[in-house]
Amino acid sequence: MTRGEKLTRRQVRRIALAAQGFADPAPRGAITRRHLARVLSRTGLFQIDSVNVLTRAHYMPLFSRIGPYPAALLERAAWRRPRALFEYWAHEASLLPVETQPLLRWRMARAEAGEGIYGRLAAFGRERRAFIETVLGEVERRGPLAASDIDGHTGTSGWWAWSEVKHALEWLFWAGHITTHSRRPSFERLYDLPERVLPPAVLATPTPRPEDAQRALVEIAARALGVATARDLRDYFRLPPGDCHPRIAELVEEGVLEPVRVEGWPQQAYLHRDARLPRRVRARALLAPFDPLVWERGRAERLFDFRYRIEIYTPAQKRVHGYYVLPFLLGERIVTRVDLKADRQAGRLRVQAAHAEAAAPAHTAEALLAALHEMAGWLGLAEVEVVPNGGLAPQLAAARAA
């Protein structure tokens, strides 16, 4: 690529796929923390989601890039010693490398001051500080603790049904006074003090100036995206425009980012200096709804001509493609979307609907079936079941029968 060159959409797709790790060679031998670290060096984080109709979304990006791996590998890295990951608000709730923690302390400080935190929780922090200190004392004395372990928790569930204890814990979590120690099988979070969870070397790292930390976060986003608009860069760590736009300008001045034009994109784009353009990408991956490749729906549409909406919260009769729909990446294009469910009692991976995109090649059903069998094996399910729903379902069922 030459400076000032206008990039084609095909080039940008390849750059984006390579930046996200889809052009990396497949692992050989046992999957280890080294493979996890390699993927995280590409993505920067995994978004956490509790929906378990298939598998929780934070397990998927690693599978999508390296294939079947032991789930315990991610769980040990996130919730056991020696800890490699920690939880915090980045692109929504996320698992991040522990080395990123100092780069988010400015966000914790703002949360402490009631800024950058959603209104109801910010108000709770202002009005119930004495109660919050009492809850923090409980964690200090008895941690790790879940909300349900503390007197006064009502046992209610759901975002709007949080108890006062849960509100206090979440405020403390936002402000960095506590962090996630581990998760129960129910996925309930156990909280503890950072000094009892995070590695001492991370805690001893000096806190960077907010501007320096934000610039580092923008660069992580730019490296993970390859080519991105300012909106894409802001979205990766959910940075406010006033914090992100000056950092983009500084990275351009430093030569880390190069302004480029992209065919069909009206927005200014930026190319990371380490971005690579492979001659071809031979990917085959089922993607979680919250995979970094597609979580920004406008970007997914610009890259792949793929209009993607998650329909979990859509009434069943109004859903177009299904409840928990995964895009299927084949080569350099998203060619299919499938509504999947893990029927653990029956030992089946159920394809509840399969819809082909306009770009789907003739061998899509066979390639998808292979990916589904791989996923079923990874999830410990014995077979793939195809429900006759969606335009690709008959071909998929025929391929399965064959």
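The values are calculated or read from the model by the stated rules, or taken from the named source; none is laboratory data. Note that the coordinates shown come from a computational prediction; the quantities given were computed from them, not determined experimentally. All Cβ positions, glycine included, derive from the backbone under ideal geometry; neighbour counts span all protein chains shown. Note: areas computed on protein heavy atoms with side chains; ligands, DNA, RNA excluded. Shrake-Rupley method; radii C 1.70, N 1.55, O 1.52, S 1.80 Å.
For the reader, a short list of remarks on this structure follows.
- Residues satisfying the stated conditions in segment 177-195, i.e. part of a loop (DSSP other than H, G, I, E, B) and surrounded by fewer than 18 Cβ atoms within 10 Å (Cβ to Cβ): Arg184, Pro185, Ser186, Phe187, Glu188, Leu193
- Checked against (1) closer than 25 Å to Trp79 by Cβ; (2) assigned to a helix (DSSP H, G or I), Pro27 meets all criteria but (2).
Conditions tested, residue by residue: (1) modelled with pLDDT of 95 or more; (2) touching a strand residue (DSSP E or B) at 6+ places or on another chain (Cβ under 7 Å).
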| site | (1), (2) |
| --- | --- |
| Ile312 | no, no |
| Val325 | yes, yes |
| Leu330 | yes, yes |
| Val335 | yes, yes |
| Ala370 | yes, no |
| Gly380 | yes, no |
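- The helices (runs of 4 or more DSSP H) located wholly in segment 51-153 include none with 2 or more residues which are of a type in the set (Lys, Arg), within 24 Å of the chain's Cα centre (by Cα) and crowded, with 21+ Cβ neighbours inside 10 Å.
- Some residue of segment 53-68 being in contact with a Ser or Thr (Cβ under 7 Å, 6 or more places away or on another chain) and of a type in the set (Lys, Arg): yes
- Yes/no for Arg238 being open to solvent by 10 Å² or more (accessible area, probe 1.4 Å), closer than 21 Å to Gln47 by Cα, of a type in the set (Lys, Arg) and out of contact with any strand residue (DSSP E or B) (no Cβ under 6 Å at 6 or more places or on another chain): yes
- Test: residue in segment 33-46 that is closer than 26 Å to Tyr88 by Cβ and part of a strand (DSSP E or B): yes
- Qualifying positions in segment 196-208 - part of a loop (DSSP other than H, G, I, E, B), touching a residue at least 12 places away in the same chain (Cβ under 8 Å) and either under 26 Å from Val135 (Cα atoms) or open to solvent by 80 Å² or more (accessible area, probe 1.4 Å) (or both): Val197, Leu198, Pro199, Pro206, Thr207
- Checked across segment 272-282, the condition of being open to solvent by 10 Å² or more (accessible area, probe 1.4 Å) and not in a loop (DSSP other than H, G, I, E, B) holds for no residue.
- Identity of the residue in segment 241-267, open to solvent by less than 50 Å² (accessible area, probe 1.4 Å) and either polar (S, T, N, Q) or in a loop (DSSP other than H, G, I, E, B) (or both), that ends up nearest to Arg10 (Cα to Cα): Trp265
- Condition met for Glu219 (of a type in the set (Asp, Glu), without any contact (Cβ under 8 Å) to a residue 60 or more places away in the chain, part of a helix (DSSP H, G or I) and open to solvent by 10 Å² or more (accessible area, probe 1.4 Å)): yes
- Among (1) open to solvent by 10 Å² or more (accessible area, probe 1.4 Å); (2) outside any loop (DSSP other than H, G, I, E, B), the one test that Leu172 misses: (1)
- Residue check, Gly176 among the small types (Gly, Ala, Ser) and under 25 Å from Asp291 (Cβ atoms): no
- Listed conditions (1) out of contact with any Lys or Arg (no Cβ under 7 Å at 6 or more places or on another chain); (2) under 21 Å from Ala300 (Cα atoms) are all met by Gly331, apart from (1).
- Scan of segment 252-263 for residues that are under 15 Å from Ala228 (Cβ atoms) and not charged (D, E, K, R), ordered by number: Val252, Val256, Leu257, Pro259, Val260, Val262
- Scanning segment 208-255 for residues that are closer than 18 Å to Glu92 by Cα and among the acidic types (Asp, Glu) yields Asp232, Asp235, Asp243.
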